[in-house]
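Every number here is computed from the coordinates shown, using simple stated rules; none is lab data. This is a predicted model, so every value here is computed, not measured. With ideal geometry, Cβ positions are generated from the backbone for all residues, glycine too; neighbour counts draw on all protein chains shown.
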Amino acid sequence: MHTDPHAGTPGTADQAPPAERPSAADGPPAADQQPPASAAEGRREVLFAEAEPVRLPDWMRSPGPEHQPTGLDRVRFFQARHNGPLAVGLAFALALLMIVAAGWMVVQVADWRRTATVAPSASAMPEPISAVGTPRDLFAGTPAASFALREKAIVLPAATAQGPFDKVQVRAALDSVRKALIESRLETAMLVGDTEPFLGLLAPDSRAEMRPHFDNSRFLHVATRIGSQADWEYDIRAQGQISHRARTVAGVRLLEVTAEFVWAYPFDVMRRAPAGAGLVAVRDRVVWQVPHPKDVPASSRGLWLASAKAVTWNADCAWLRDGWVNVMQWLPDLHGPRVPGGDPGDFFDLAAPMASTSRC
């Protein structure tokens, strides 16, 4: 509801504006100009204040002792004068610090991703470390002590012409098998579960057939996966032999390459564990085939896996069933001076027949 500020209050009579107050220069008001008694009484307090000025108490009028500002007072005076600029400066510095911290975190994450995706080379592999942090030869006292380190163990035979395959084709086939052995048994990508680098070495049609094998533990006959939960070392050693021949199967001329190896994987164990307690050995026999390019379509040209068989020693069976390789845990009170996997016998001897089954 809109009201007029000059209108009277509803329900009451309009009031007249108060009479103008005479100035001191006009002198005392005349008798006919004296205000009514009621008005004079209403203004008595005001007139008294004009006639009798307010007097301050002595304690307010007497000067107090002079106070010299201290260092803390000067700080407070400075803050009072510069409170606005200080707040702005502090906010700017805080924002700049947050930007620098965010940039540092981005750099650290990028470095971490780059390190996690790049497989360490053989030359950068660390020495095996024992459970107490002292370098230790985990192969000492075992048949694998004389094995070659990683890729050095894969020695190819001399490439010679075989049937319809000339020397160049034989060399190319042997080289592809060597790469497949490295990717399947030694490279970090496969060891931690990345199968694509290995599958990329196969013929396109073979790749499509092999990929489902990595959905279960069947691939253990041709590849090794360890994973990040196992306390394993990079110092993998191996010993083996490779042979090749030409043959014909169902009208397709093939170059067949057979690789027989023992792969020894070290795992960190307590220093007082017996020799070999920290090793898992995989013995395999894998047959690879390369069809003659004139006998197959383009999608079938390249490396094929014909057959594979593998047995293990001192491996944890529960991990194997899930498709991973890990060492059997050595328990001092249970195993004492014995290796949990038992006596390997002629497991490491390639001249001896491979066992038909393993403990797992």
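From most to least packed by mean Cβ count within 10 Å, the peptides 323-330, 242-249 give 323-330, 242-249.
Each peptide in 163-175, 180-192 receives the mean, over its residues, of other Cβ atoms within 10 Å, and ordering these scores from highest gives 180-192, 163-175. Other residues with beta-carbon under 14 Å from the beta-carbon of Arg211 carry, at +1 per Lys or Arg and -1 per Asp or Glu, a net charge of -3.
If R0 is 56 Å, the Cβ-Cβ spacing of Lys294 and Ala145 corresponds to a FRET efficiency of close to 0.75.
Measuring r between the beta carbons of Lys167 and Arg271 and using R0 = 51 Å, the FRET efficiency lands at 0.50. Between beta-carbons, use under 11 Å as the cut-off and find the net charge around Arg285, counting Lys and Arg +1, Asp and Glu -1. Surrounding charge for Arg285 is 0. With both labels modelled 7 Å from their Cα along Cα-to-Cβ, the Thr188 to Gln329 distance reads 2.8 nm.
Ordering 303-309, 350-356 by mean Cβ neighbour count within 10 Å, with the highest value first, yields 303-309, 350-356.
A full extension of the chain between Thr160 and Ala355 corresponds to an added length of 67.0 nm, given 0.36 nm per residue minus the alpha carbon distance.
For the range 268-338, the orientation-averaged shadow of the C-alpha convex hull comes to 6.9 nm² (one quarter of the hull surface). Classified by the C-alpha gyration tensor, the range 164-215 has an oblate form. Its axis ratio a/c, with a ≥ b ≥ c, is 1.5 or above, and a/b does not exceed b/c.
Note on Lys167: lysines with a C-alpha under 28 Å away, same-chain residues under 8 apart excluded, are Lys152, Lys179, Lys294.
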